[in-house]
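K.L.:
My questions all concern the structure below.
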Amino acid sequence: MSWNTFGRVLRFTTWGESHGPAIGAVVDGCPPGIALSEADIQPFLDARKPGQNKFTTQRKEPDAVRILSGVFKGETTGTPISLLIENTDQRSKDYSEIANTYRPGHADYAYDAKYGFRDYRGGGRSSARETAMRVAAGAVARKVIGEVRILAYVAEIGGDRIDPANFDRDEIARNPFWCPDAEAAKRWEKLVDDARKAGSSLGAVVECVATGVPPGWGAPVYAKLDSDLAGGMMSINAIKGVEIGDGFDAARLTGEQNADAMSPSENGPEFAANHAGGIAGGISTGQPVVCRVAFKPTSSILTPVASIDREGKATEVRTKGRHDPCVGIRGTPVVEAMMALVLADHKLLHRAQCG
């Protein structure tokens, strides 16, 4: 099994490689009668696509999506929705020098150890190019959960955090970092640019908040909303950590500090806090679902790093080509997409069991 499929009721499968002719996704289980067009999907792909500024990879891909099936007269039919994006700006020659060398931090050695073969052109299947199709599939999922609003933003780059007191939702669209803090965004310009010029890279923390999630989505034990959310986020390239709600900070609180106290109101319980991140016992509480993810620094750097080749001989690797100095920046729309896909799947799971 290659495990290229995610989800239970709303399932999506991605296919394709970074330097192949195209990449694609098949979304199955989407209810019929939902208005859907390429124009509904394209804005989310435009937010993720490369080459938009000097702080991201300069690979130029229009990422224009085509719907090949599953939609008729502008509405979903209930059959598999096939999505296609052509690759137009591959430069495979950039990777010829590492055809027989393993790049530290990348999946090169692990793929070779598993399959005895690897596509070295941009990492092949392990490339973050695959995430464009998650964003496309996530746009379909958003149509399934129209009652939910999802917002992701970069909360930290290279150890420099935003100030929550400066949080401005509108600021996120005004800078290239998906940053809600204008002062932090100014600092990050120099921080990321210095890393780029030095041939190095930086890590990032992305926070994602879903509001409008009703209570009841999720299931006990083996289909918990938070466990599926964590699994979905960890499947994104370069993510090395996931927190729900307060996450690891909850371990530093006392029981009374961590409790999300409730009081009665006309609209159901009113919570005094949201340490749990909107999920209790694996089931949504009606509060905002909050998730944070940690992106490692991009492994493709110009600084020489010790490694080995396929024969086991010592060597050094400098990764040429076009790469993101901070992969968390373009990873932000991908985090939103995975949130949408998990929530849509759980909405349909809840409807299947509880009506």
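The values are calculated or read from the model by the stated rules, or taken from the named source; none is laboratory data. Every value quoted in this text rests on a predicted model; they were computed, and no experiment measured them. Quick reminder, even Gly has a Cβ in these numbers, built from the backbone with ideal geometry, and neighbours come from all protein chains shown. Heads up: the accessible areas ignore ligands, DNA and RNA and are worked out on the full protein's heavy atoms, side chains in. Shrake-Rupley method; radii C 1.70, N 1.55, O 1.52, S 1.80 Å.
K.L.:
Given the condition among the basic types (K, R) and either crowded, with 22+ Cβ neighbours inside 10 Å or touching a strand residue (DSSP E or B) at 6+ places or on another chain (Cβ under 7 Å) (or both), answer yes or no: does some residue in region 170-185 qualify?
P.N.:
No; the residues of region 170-185 include none that is among the basic types (K, R) and either crowded, with 22+ Cβ neighbours inside 10 Å or touching a strand residue (DSSP E or B) at 6+ places or on another chain (Cβ under 7 Å) (or both).
K.L.:
Exactly one condition in (1) part of a helix (DSSP H, G or I); (2) over 20 Å from the mean Cα position of the chain (by Cα) is false for D260; which is it?
P.N.:
It fails just one condition, (1).
K.L.:
Pull up region 241-280, narrow it to residues that are surrounded by 14 or more Cβ atoms within 10 Å (Cβ to Cβ) and of a type in the set (S, T, N, Q), then point me to the one that is farthest from I150 (Cα to Cα).
P.N.:
Top of the filtered list is N258.
K.L.:
Still on this model: Hey, among V293, V334, which residue is open to solvent by less than 20 Å² (accessible area, probe 1.4 Å), closer than 28 Å to G29 by Cα, in contact (Cβ under 8 Å) with a residue 24 or more places away in the chain and not in a helix (DSSP H, G or I)?
P.N.:
Working: V334 fails: not in a helix (DSSP H, G or I).
Going through V293, V334 in turn, the sole match is V293.
K.L.:
Right, another one. Any chance you could count how many residues in region 32-63 are part of a loop (DSSP other than H, G, I, E, B), open to solvent by 40 Å² or more (accessible area, probe 1.4 Å) and modelled with pLDDT of 95 or more?
P.N.:
Looking only at that region, the number is 3.
K.L.:
Restricting to region 97-108, count the residues that are surrounded by fewer than 19 Cβ atoms within 10 Å (Cβ to Cβ), without any contact (Cβ under 8 Å) to a residue 60 or more places away in the chain and of a type outside the set (G, A, S).
P.N.:
Result for region 97-108: 0.
K.L.:
Please state which one of R121, R142, R125 is surrounded by fewer than 23 Cβ atoms within 10 Å (Cβ to Cβ), part of a loop (DSSP other than H, G, I, E, B) and of a type in the set (D, E, K, R). Give the steps one after another, and end with the answer.
P.N.:
Working: R142 fails: part of a loop (DSSP other than H, G, I, E, B); R125 fails: part of a loop (DSSP other than H, G, I, E, B).
Of R121, R142, R125, the one residue that is surrounded by fewer than 23 Cβ atoms within 10 Å (Cβ to Cβ), part of a loop (DSSP other than H, G, I, E, B) and of a type in the set (D, E, K, R) is R121.
K.L.:
Further question: I need the full set of residues from region 73-88 which are assigned to a strand (DSSP E or B), over 17 Å from V144 (Cα atoms) and open to solvent by 70 Å² or more (accessible area, probe 1.4 Å), in order please.
P.N.:
Hit for region 73-88 is E86, nothing else.
K.L.:
Let me ask something else about it. I need the full set of residues from region 210-227 which are open to solvent by 30 Å² or more (accessible area, probe 1.4 Å), within 20 Å of G7 (Cα to Cα) and within 19 Å of the chain's Cα centre (by Cα), in order please.
P.N.:
D226, S227, listed by residue number.
K.L.:
Looking at this structure, is F271 within 30 Å of D28 (Cα to Cα) and either out of contact with any Ser or Thr (no Cβ under 6 Å at 6 or more places or on another chain) or small (G, A, S) (or both)?
P.N.:
Values: within 30 Å of D28 (Cα to Cα): no; either out of contact with any Ser or Thr (no Cβ under 6 Å at 6 or more places or on another chain) or small (G, A, S) (or both): yes.
When the stated conditions are applied, F271 does not pass them.
K.L.:
What number of residues within region 190-226 satisfy the criterion of being modelled with pLDDT of 95 or more and acidic (D, E)?
P.N.:
2
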